[in-house]
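Okay, handing you the structure first.
The values are calculated or read from the model by the stated rules, or taken from the named source; none is laboratory data. Here the structure is a predicted model, which means the values were calculated and not measured. Cβ placement follows ideal geometry from the backbone for every residue including glycine, while neighbour counts extend to all protein chains displayed. When the accessible area is computed, the model is the full protein with side chains, heavy atoms only, and any ligands, DNA or RNA have been set aside. Shrake-Rupley method; radii C 1.70, N 1.55, O 1.52, S 1.80 Å.
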Amino acid sequence: MNSRMRGIDLAMEIVGPLVVGGLMSFSNMTAEVGFIYIAAFNFLSFFPQFLLLVTVYTNHTFALAKSPVIKSDIMTETSSSTSSSIDDWNPMMVMKESWSLFIRQPVSLVVSWSMLWMTVLSPHGIVLTSYLKGQGVIDWHLSLFRGMGAISGLLGTLSFPSLSQRIGLKTTSQLCIAEEGLMLLLAAVTFSLAYFDIASSVMLQIFMLLVIISRFGLYAFGIGELTLLQQGIPEEVRGRVNSIETMLCNLATVTVYSGAALVSHSDNFIWLVWTSVISINSAAMIFFYWNSQWEIKEEEHVHGDDDELDGHVSCHNKQQRSSIDSSSKIVSPARHRHVYLVKRKPTPNSIN
């Protein structure tokens, strides 16, 4: 499901600009008229989006209802006292409790993903687009650059499920973030050669190609990171942890824009490129460390006819409880599987 949703998002990122660009080119539409049409389309699209969201909430009321806090050993240190619902809507209290919950989760995984946002090496990023425009790259080359980046990300997104089934979720995620780090390192090298006027035109094109290829690893890793978070964070605190992750990603983006504002001259853009590469590869190393500290556990069991489910079902999330209810109506016993993250225990050799 994660892969399909991300694939739809990337497909629209490819199709949207092509459709708008084609209409404006073939109809001789002015930029001002095109802007009005796009604004009108965005306004009108709100209504079907709203209706679809209402339909989702109406049809999945049980799954989307706020969870009571449950004692669970899926993540070892989340306590019922810190996971209780917030009665006081003081924003500072909400933030304090959210951070308290966040530090009990696999923080390194979240930090790794957040650091991937601290980069100017994005085909659809305004900073890189402005630089390339200033270097004389024509508009349709920029459009092609952005579209090819989205296609590369789409291929990574669609490839991830089959790759993870063959070599494992964590191994696939590790290879994907390593691919991104390597491609952007090579891109920075070629950019440096272009910066020092060594076959600058060719090197700039190779630089753009390597950035495009890196999107395969980025978007594939995004699916892996999201899946690992869903497995590793208890359902009752998942929303708060995700909000912290979103805040960190936005903070990384603001840092990039601030750096671009400080290094405003195009001759200094090379510093932003290498800072981005350092951030991406640091994220990869943090993920490698996290990967060595945590492992995926799977547990499959059956609920029979005479199983009252009282104690054990309290450890199930809503999807699992719904699956048990649905399965018991069709066939008994109801079989299902738990997948969760646990921290590796140190071996005797590592202690010594």
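Given the condition of a type in the set (Lys, Arg) and at pLDDT 70 or above, answer yes or no: does some residue in segment 66-89 qualify? Step through it out loud before you land on a result.
Taking segment 66-89 and keeping what is of a type in the set (Lys, Arg), we get 66, 71.
Then keep just the ones that are at pLDDT 70 or above; that gives none.
Looking through segment 66-89, none of the residues is of a type in the set (Lys, Arg) and at pLDDT 70 or above.
Out of (1) modelled with pLDDT under 85; (2) open to solvent by 30 Å² or more (accessible area, probe 1.4 Å), what's the single condition that is false for residue 213?
Looking at each condition in turn, residue 213 falls short on (1).
Tally time: how many residues in segment 157-178 are closer than 21 Å to residue 282 by Cβ and either basic (Lys, Arg) or out of contact with any Ser or Thr (no Cβ under 7 Å at 6 or more places or on another chain) (or both)? Break it down stepwise before answering.
Going residue by residue through segment 157-178, those that are closer than 21 Å to residue 282 by Cβ are 170-178.
Next, only the ones that are either basic (Lys, Arg) or out of contact with any Ser or Thr (no Cβ under 7 Å at 6 or more places or on another chain) (or both) stay: 170-171, 173-178.
So the answer is 8.
Return the pair list, or none, for Cβ contacts closer than 9 Å from residues in segment 100-115 that are farther than 17 Å from residue 176 by Cβ and without any contact (Cβ under 8 Å) to a residue 60 or more places away in the chain to residues that are assigned to a helix (DSSP H, G or I) and not β-branched (Val, Ile, Thr), at least 6 apart or on different chains.
Filtered contacts from segment 100-115: 107/290.
Now for a separate question. Mind checking which pairs have a first residue in segment 202-216 that is of a type in the set (D, E, K, R) and a second that is in a helix (DSSP H, G or I) and open to solvent by less than 20 Å² (accessible area, probe 1.4 Å), Cβ under 9 Å, 6 or more apart or different chains?
215/149; 215/150; 215/152; 215/153; 215/156; 215/180
Can you tell me how many residues in segment 222-276 are crowded, with 17+ Cβ neighbours inside 10 Å, of a type in the set (Val, Ile, Thr) and either free of Cβ contacts under 8 Å to residues at least 60 places away in the same chain or under 26 Å from residue 176 (Cβ atoms) (or both)?
Adding up the residues that qualify gives 9.
Hey, does segment 101-109 have a residue that's buried (at least 22 other Cβ atoms within 10 Å of the Cβ), assigned to a helix (DSSP H, G or I), in contact with a strand residue (DSSP E or B) (Cβ under 9 Å, 6 or more places away or on another chain) and modelled with pLDDT under 90?
Within segment 101-109, one or more residues are buried (at least 22 other Cβ atoms within 10 Å of the Cβ), assigned to a helix (DSSP H, G or I), in contact with a strand residue (DSSP E or B) (Cβ under 9 Å, 6 or more places away or on another chain) and modelled with pLDDT under 90.
Look at segment 130-141 and say how many of its residues are surrounded by fewer than 17 Cβ atoms within 10 Å (Cβ to Cβ) and assigned to a helix (DSSP H, G or I).
Counting residues in segment 130-141 that are surrounded by fewer than 17 Cβ atoms within 10 Å (Cβ to Cβ) and assigned to a helix (DSSP H, G or I) gives 6.
For every residue, the table says whether it meets (1) assigned to a helix (DSSP H, G or I); (2) at pLDDT below 65; (3) on the phi < 0 side of the Ramachandran plot.
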site	(1), (2), (3)
255	yes, no, yes
268	yes, no, yes
277	yes, no, yes
289	yes, no, yes
312	yes, yes, yes
338	no, yes, yes
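Quick check on segment 196-204. Is at least one of its residues of a type in the set (Val, Ile, Thr), out of contact with any Lys or Arg (no Cβ under 9 Å at 6 or more places or on another chain) and not in a helix (DSSP H, G or I)? Walk me through how you get there before you give the answer.
In the first step, residues of segment 196-204 are kept if they are of a type in the set (Val, Ile, Thr); the result is 198, 202.
Subsequent filtering for residues that are out of contact with any Lys or Arg (no Cβ under 9 Å at 6 or more places or on another chain) retains 198, 202.
Okay, now just the ones that are also not in a helix (DSSP H, G or I), so 198.
Yes, segment 196-204 contains at least one residue that is of a type in the set (Val, Ile, Thr), out of contact with any Lys or Arg (no Cβ under 9 Å at 6 or more places or on another chain) and not in a helix (DSSP H, G or I).
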